[in-house]
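Everything on this sheet refers to the single structure shown next.
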Amino acid sequence: MSQISLPIATRIDSRRADVRNAVKNACDSMNADGVNPRDYVEQLAWMFFLKAFDEAERRRADEATFGGEKYDHRLPKKLRWSEWSKLTNKPDELLEFVDGKLWPALRNLGADSVGQQLNRIFSTVKNHCRTGTSFARVVNQVNRLDFGETTDVIVLSEIYEGLLKDVAADSAGYAGEFYTQRHIIRAMVEIVKPDLGERVYDPCFGTAGFLVETADYIRAQHPQLSNEDAQRLQHRTFFGLELKPLPICLAA
């Protein structure tokens, strides 16, 4: 029997629906657990952050292995998302590990820049899920997402914008401080016309909307980047300052 291949646009639409459904199910589980809707953003933020961090670490490890090199993971194995998220079949044990062992460990990872950043984030954000069963359901939904998949990242950005907009409407200054709508950001970027080789600085970047839109704008102007230009764009173009850990977590 021949295998039917769906058109790319159809596959993207299908994946978009899957991602939205995963986030909706996670929010429904939190709602059933009595979590305040304004805390959905924070709960999803730190969970997305740790899963994306783990995926990035595994990609770097694979690349290092391919090149015959050794890669030192920043997190011990037991603290990695891919390890403790396996405990969803033991929900009470899962919640006990996260609240009693993961949180204290992430606050004491050392004095280097990564350790300090994780300490700042996890000294401020909270696990709002109250029961192991509810928390395990949310973890299962987050595990449906792939942060190495462009479609997933784009759709998650859209969903986050909607959540942040709703939160900002109820309590300005909560997560993204004062939410700037994306079409306004795009208009400002198009007026400034940033170009490859220039440096971009946002002194209070919040959830990094301006930095992200600037990156997209530059990439659109230069669709074919040399390796040197790609490295410059990735590591020597965007700079910012933000004092609150939650927006930093969202931005990451």
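Only Cα pairs within less than 10 Å get springs; with that Gaussian network setup on the chain, which residue of Cys129, Cys27, Cys204 has the largest fluctuation? Most flexible of the set in this elastic network: Cys204. Simple point charges give the picture: +1 on the Cβ of Lys and Arg, -1 on the Cβ of Asp and Glu, and for the range 1-146 a dipole about the Cα centre of about 100 debye. On a C-alpha basis, how far is the centre of the range 115-147 from the centre of the range 198-241 in Å? Whole number, if you could? If we compute the Cα centre of each part, the gap is 28 Å. Taking a Cβ cut-off of under 12 Å around Phe53, the surrounding Lys, Arg, Asp and Glu residues balance to a net charge of +3, with basic ones at +1 and acidic ones at -1. Within the shell defined by Cβ-Cβ distances under 15 Å, the residues around Val98 carry a net charge of +2, with Lys and Arg each +1 and Asp and Glu each -1. Mean projection of the alpha-carbon convex hull of the chain over all orientations, in nm²? Averaging across all directions leaves 16.8 nm² for the Cα convex hull. Between Gly68, Gly132, Gly206, the Gaussian network model of the chain with springs among Cα atoms under 10 angstrom shows the greatest mean-square fluctuation at Gly68.
Annotation note: trypsin sites (Lys or Arg not before Pro) in the range 48-88 located in DSSP loop regions with a Cβ neighbour count of at most 12 within 10 Å are Lys70. Across the cross-link table entries Lys86/Lys126; Lys24/Lys77; Lys24/Lys244; Lys51/Lys244; Lys24/Lys78; Lys51/Lys101, which are compared at the Cα atoms, the separations over 24 Å belong to Lys24/Lys77; Lys24/Lys244; Lys24/Lys78. Remark: relative contact order (the chain) = 23 percent; criterion is Cα-Cα distance under 8 angstrom and separation of 6 or more residues.
Take the Cα of Phe239, step 7 Å toward its Cβ, do the same at Lys86, and the gap between the two points is 4.3 nm. Estimated from the Cβ-Cβ distance and a Förster radius of 22 angstrom, the FRET efficiency linking Lys101 and Tyr71 is about 0.35. One compactness figure for the range 1-146 is 1.19, namely its Cα radius of gyration divided by 2.2 N^0.38 Å.
Read the figures in this text as sums done on the coordinates, not as results from a lab. Bear in mind that the values here come from a model prediction, so they are computed numbers and not experimental data. Cβ atoms come from the backbone with ideal geometry, glycine included; neighbour counts cover every protein chain shown.
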